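Structure, as structure tokens:
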There are 2 protein chains.
Amino acid sequence: MSSSVRIGVVGATGAVGPVTLALLAQRGWDDVRAFASARTSGTRVPFGSRELVVEEATPDVLGAGDLDLCFFSVGTGASRELVPHALAGGATSIDKSAAFRLSDGVPLVVPEVNGARAAEHEGIIANPNCSTIQLVCALQPLHQAAGLRRVRLATYQSASGAGALSMDRLRAQASEDGNVTMDWDFVGDESEEESKLRAETRKILELPELPFSATCVRVPVLVGHAQAVWIETEEPLSVADAHKILAAAPSVRLLDRPTPKDAVGGDDVLVGRIRKDSAHPSGLALFVVCDNLRKGAALNAIQIAELALAREPEAART
Amino acid sequence: MSSSVRIGVVGATGAVGPVTLALLAQRGWDDVRAFASARTSGTRVPFGSRELVVEEATPDVLGAGDLDLCFFSVGTGASRELVPHALAGGATSIDKSAAFRLSDGVPLVVPEVNGARAAEHEGIIANPNCSTIQLVCALQPLHQAAGLRRVRLATYQSASGAGALSMDRLRAQASEDGNVTMDWDFVGDESEEESKLRAETRKILELPELPFSATCVRVPVLVGHAQAVWIETEEPLSVADAHKILAAAPSVRLLDRPTPKDAVGGDDVLVGRIRKDSAHPSGLALFVVCDNLRKGAALNAIQIAELALAREPEAART
């Protein structure tokens, strides 16, 4: 019975929280509470056909022992502060921030790719960066078939990846004011987004030395991340075989030329433009698009939770 | 005397034509007529402090023998039809369409890169694709220093690259309707834009076999194209040396993280994010941005004309 699992959604008024609530309701979970910072606590958020009053996410409330499972879609700092309290209170925590992703003992999970790792958790399971999730969904089946030797990608990331305020800013601006930016913090010559994408991909694929270069770019699109990807493989891989492999891959849907608008509201990672890399004999190029708020965040986290609870989604609906 | 050169600007009411007129006026050319299709002929366009009445661009008018130099910023079909008439009438034609770019006997010129080729023309000099121009301005100095072995890039191309109507469409849409698309014609598994970019880069750099792969993407930005580029070189090239070389390159300006808005209205090709390609020991990554209507089109064409006329811009102002 889903009602036996007491769920908290922390960050319920951000970009990802409302999607998490909508998906939880759809999937039949019903013992759900919504939490956010003091700024929006007391407001109401939709949950299926009803509404939840948002509670303030304090260490005391999250650690009170009346939650079994907590989804965190808050900033890295807030996750660092709050997750330990939820844990202490007995709640398995699915954290969507970067706080714990690379920590030993914290599985970093995309269920289709390395779902078995979820069982190894010690209370926290980390949800990868939105960009990482869609990338590894496309790369893993190709890696299994031919061995990944090298990965390069340029991203087209939407405003929603930067949170609800960025979405509001995009909505408020004239379309002709749109720009292409790199609005992340930089360490040395790389943005944190680029470093994360490499480190997380290596951890999930269990290829700690994978040669990997990303240029991460924000574009004036509301929802949906795209990636222009080049890979080289150890074994030759024809375009036809790559098509076949990706057509059979879980959560992947092939489309000739996928765009963010094609992905929005859907659960699939869209892969298209699969072709020989005209710059390298053992290379392939592809274009990967996903709804960064769903499979890139909320949906993946819920799938992790369902794995961790060893429940099938169907069981949750009864 | 600039007044001795009788200039026609064909496509005066499109995206590039008005920029061409503005730059010609700025640079002291004054015997200038504006042409466009029947749809907009009869309208007026700004030219410096005065206005020109737009004349219809017909074969007869362009071939009448009273033009010395013609700038064409019209579609490939219109260029194919009209340029031969202008030529027959004695006008050297600087064509910005793809009609003649890869033809033998037609120099494809970026003055800073292969300006000497302009002298070889037989009446037509082609202006490269906007994406090609900014790319070769950044690549050529690196190639001279270390030898280009391989080029990959993903582009972020603005609406203005698709013409004035696309600009109007972008302006008219809500910012949240912005999408990332590949709105070019495709031949096989490549867009024509991608094939052009490779073929033109090879012709300009005189590297007919250069391994080269592009993924061309349109983003909801009004003006300014960006490119995430990876190169491999024959000789090792340090980041510090690449910085030095590009800082000294003509028309290149270094900026940490250039954006399209940084480039708009300026003449420079902005290059930033110069760093080791973390996926390859002899690779570099960089980010290249340019105002596609100026250096990417109108300015480059005027610079070609000035070369072809063996005039210095200063002479034109007297």
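The values are calculated or read from the model by the stated rules, or taken from the named source; none is laboratory data. On a predicted model such as this, the values are computed, not experimentally measured, just so you know. Because the Cβ atoms are built from the backbone with ideal geometry, glycine has one as well, and the counts that use them run over all protein chains shown. Each accessible area value is taken on the protein alone, full model and side chains, heavy atoms only, with ligands, DNA and RNA left out. Shrake-Rupley method; radii C 1.70, N 1.55, O 1.52, S 1.80 Å.
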For the stretch B:134-145, what does the Karplus curve 6.51 cos²θ - 1.76 cosθ + 1.60, with θ = phi - 60°, yield as ³J(HN,Hα) per residue in whole Hz, taken in order and with x for Gly and Pro?
-> 5, 5, 6, 4, 7, 7, 4, x, 6, 5, 4, 7
Residues of the stretch B:252-271 buried by at least 50 Å² on assembly (accessible area, 1.4 Å probe, chain alone as reference) | B:257, B:261
How big is the protein assembly as shown in terms of Cα radius of gyration and Dmax, in angstroms?
-> 27.4, 90
Where does the Debye-calculated log10 I(q)/I(0) of the stretch A:171-318 sit at q = 0.09, 0.16, 0.18 Å⁻¹, using only Cα point scatterers of equal weight, no solvent?
-> -0.36, -1.12, -1.34
Beyond 21 Å between alpha-carbons counts as too far, so tell me which of A:196/A:261; A:203/A:295; A:96/B:261; A:96/A:295 fall in that bin.
-> A:196/A:261; A:96/B:261
Estimate for me the total accessible surface buried between chains A and B (protein heavy atoms, probe 1.4 Å, no ligands or nucleic acids), in Å² to the nearest 100.
-> 4200 Å²
What lysines could a cross-link reach from residue B:276, if we take a straight Cα to Cα line under 16 Å and drop same-chain neighbours fewer than 8 places away?
-> B:244
Two-decimal ratio, the stretch A:7-83, of alpha-carbon radius of gyration to 2.2 N^0.38 Å | 0.99
FRET efficiency estimate (nearest 0.05) - Cβ-Cβ, residue A:144 to residue A:165, R0 41 angstrom | 0.55
State, to one decimal in nm and shortest first, how far the label point of residue A:39 sits from each corresponding label point in the other identical copies (label point: 7 angstrom along Cα-to-Cβ).
-> 4.6
Under 15 Å from the Cβ of residue A:62, count the other residues' Cβ atoms, weight Lys and Arg +1, Asp and Glu -1, and hand me the total.
-> -4
Label 7 Å beyond Cα on the Cβ vector: residue B:186 copy-to-copy distances, nm | 3.5
Carbon plus sulfur fraction of accessible area for chain A, probe 1.4 Å, in percent | 50 percent
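What are the GluC sites (Glu not before Pro) within the stretch A:156-221 that DSSP puts in a loop, where the Cβ has at most 11 other Cβ atoms within 10 Å? Present the calculation step by step, with values, prior to reporting the outcome.
Numbers: sites: A:176, A:190, A:192, A:193, A:194, A:200, A:206, A:209; in loops: A:206, A:209.
Sites meeting the loop and neighbour criteria: A:206, A:209.
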For residue B:229 the rounded accessible area (nearest 10 Å², probe 1.4 Å, non-protein molecules ignored) is 0 Å²
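Output the relative contact order of the stretch A:60-114, whole-number percent, from Cα pairs under 8 angstrom with separation of 6+ residues. Intermediate results must be reported in sequence, preceding the final value.
Working: 71 pairs, mean separation 20.4, N = 55.
The value is 37 percent.
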State, to one decimal in nm and shortest first, how far the label point of residue A:169 sits from each corresponding label point in the other identical copies (label point: 7 angstrom along Cα-to-Cβ).
-> 2.8
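With a cut-off of 8 Å between alpha carbons and a minimum separation of six or more residues, what is the relative contact order of chain B in percent?
Numbers: 720 pairs, mean separation 60.4, N = 318.
Result for chain B is 19 percent.
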Å² per residue, accessible surface of chain B at 1.4 Å = 36 Å²
